[in-house]
Amino acid sequence: MTRGARSDKTCKEHFDKQLECKRVERGSCRRSRSSEVLGATKLARSISEKLTQDSTCLVQSHRGTPSHRGRSGSRSSEGKLSERMSELSGVWPESKSFADDGMAAVPSQWKGICQNQSDATFTCNKKLIGARYFNKGYQAYVGAPLNISFQTPRDTDGHGTHTLSTAGGTFVASASFFGHGNGTAKGGSPNARVAAYKVCWPECLDADILAAFEAAISDGVHVLSVSLGGSPKDYFKHGIAIGAFHAVKNGIKVVCSAGNSGPTPGTVSNMAPWIFTVAASTMDREFPAYVSFGNTSLKGLSLSSTSLAQGKYPIIMSTDARAANSTENNARLCLFRSLDSAKVNGSIVICTRGTITDVEKGEVVLRAGGVGMVLINTAIMGNEIEPDEHVLPAVALTYSDGQTLLSYVKSNRFVNII
């Protein structure tokens with residue numbers, strides 16, 4: 001129910017009606033009789049009993065974050081080795097951020113497990129003290145048995161490892177990003193114990209999310225970090241909000257990401273008042289790279305570890321280098337097998353972002369014989385760009401700068417590299 005909305009039904013009636021198994025972002029999942037889905041239903045019912053008309057509607061009419069009973073905790077886990085944090089994503093246990101050097105034995109109060117029966121290479125330790133995976137909801141959604149790659153809490157794309165180490169990673173000396181920003185890396189609470197609860201495959205279903213919340217509560221976590229979300233929705237329809245409410249009632253602090261969209265209205269996720277919602281931030285550090293032509297020099301971004309020698313280089317629009325069996329749109333996006341090597345060889349290629357990753361576009365250009373790449377944004381992408389570590393010299397330009405370059409290339413075939 002949105003703020004200010006009125007209804008003749010009680011809050012509990014709305015809640016009961018909306019506690020169907022729903023997807024985080026799209027569609028709905030099939031019902032499942034698995035223990036995890038039933039456990040999620042049990043959790044939801046227990047919350048429903050607590051969300052009476054009086055208590056819940058009071059939350060809706062109160063603009064501030066409600067107080068709750070439970071562990072007060074400290075602002076930092078420095079020297080407080082009993083603090084236990086968890087993330088609702090997978091994890092790569094080999095990461096140095098989860099080394100347990102110098103840590104004492106796992107606290108006896110911890111009830112979690114290291115669920116690695118199908119992945120013997122996955123191990124926990126005194127730092128990474130637990131890991132579980134929840135896939136019964138996803139299995140019901142796809143309607144078919146899942147193979148062994150779905151039977152592990154291991155991270156597959158780096159997201160969970162990144163977010164869990166950001167929250168509770170230990171000290172890692174001499175860390176850098178392709179030689180940039182060399183120093184010591186650490187999470188917000190480097191001495192905390194951490195655990196991972198994987199719920200995305202890559203779809204993240206409410207049934208699996210709720211099952212993970214219930215397990216984390218039972219295991220004895222102190223802080224739950226949830227770095228996932230979808231489009232904003234009413235609290236009674238939102239699996240994360242429901243699970244977080246149950247966790248908060250059990251004295252667990254729940255921290256969620258606000259999302260990657262914005263700054264337009266209606267783009268913030270996880271806005272339930274019992275959740276500590278954290279927005280993304282930026283910094284003033286840049287990784288500049290330049291494209292020069294005529295009397296113009298355009299400033300872009302890049303983390304390429306290689307660069308072209310000074311001089312003039314032929315430059316070509318990817319659509320002008322289209323392979324015979326490719327569509328113009330595929331060539332514009334520099335998709336696999338879309339470029340003609342005879343046209344690309346020795347040139348810098350202009351590619352448009354989208355569909356595949358920017359790094360993959362560089363691989364396409366390199367395989368076709370290109371010596372460099374310029375990535376340009378679409379109008380919808382606007383002027384938001386980010387640097388990448390490419391397999392060849394490359395630079396990302398904003399939409400407006402990209403249009404300037406395209407206008408030049410229509411009548412000129414060379415650019416200067418300085």
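Values quoted throughout were computed directly from the atomic coordinates according to the rules given, and no laboratory measurement underlies them. Computed from a prediction, not measured in an experiment: that's the story for all the values here. Cβ coordinates were reconstructed from backbone atoms using ideal geometry, including for glycine residues, and neighbour counts include every protein chain displayed.
The alpha-carbon atoms of the range 122-161 define a convex hull whose volume equals 79 cubic angstrom per residue. The fewest-to-most ranking of V395, V106, V415 by surrounding Cβ atoms within 10 Å reads V106, V415, V395. Pairwise alpha-carbon distances in the range 344-418 exceed 22 Å for 17% of all pairs.
Packing around the peptides 396-405, 107-116, taken as the average count of other Cβ atoms within 10 Å per residue, puts them in this order, highest first: 396-405, 107-116.
Among the lysines in the range 288-417, how many pairs, 8 or more places apart or on different chains, have alpha carbons under 18 Å apart?
Details: K299/K312; K312/K343; K312/K410; K343/K361; K343/K410.
Step by step, the pairs that qualify in the range 288-417 add up to 5.
Mind jotting down the distance between the C-alpha centroids of the range 384-412 and the range 263-338, whole Å? For the range 263-338 versus the range 384-412, the Cα centre distance is 7 Å. Cβ crowding within 10 Å ranks K96, K343 as K96, K343, fewest other Cβ atoms first. For the range 288-417, the alpha-carbon coordinates run over 36, 31, 29 Å along the three principal axes, in decreasing order.
Annotation: amide H of A99 within the under-5 Å range of T170, sequence separation 5 or more or interchain, hydrogens built in the peptide plane. Here the ratio of the Cα radius of gyration of the range 80-149 to 2.2 N^0.38 Å is 1.31. A cut-off of 5 Å between modelled amide H atoms, ignoring neighbours fewer than 5 places along the same chain, links L339 with A323.
In a reduced charge model with +1 at each Lys and Arg Cβ and -1 at each Asp and Glu Cβ, the range 288-417 shows a dipole moment near 460 debye about its Cα centre.
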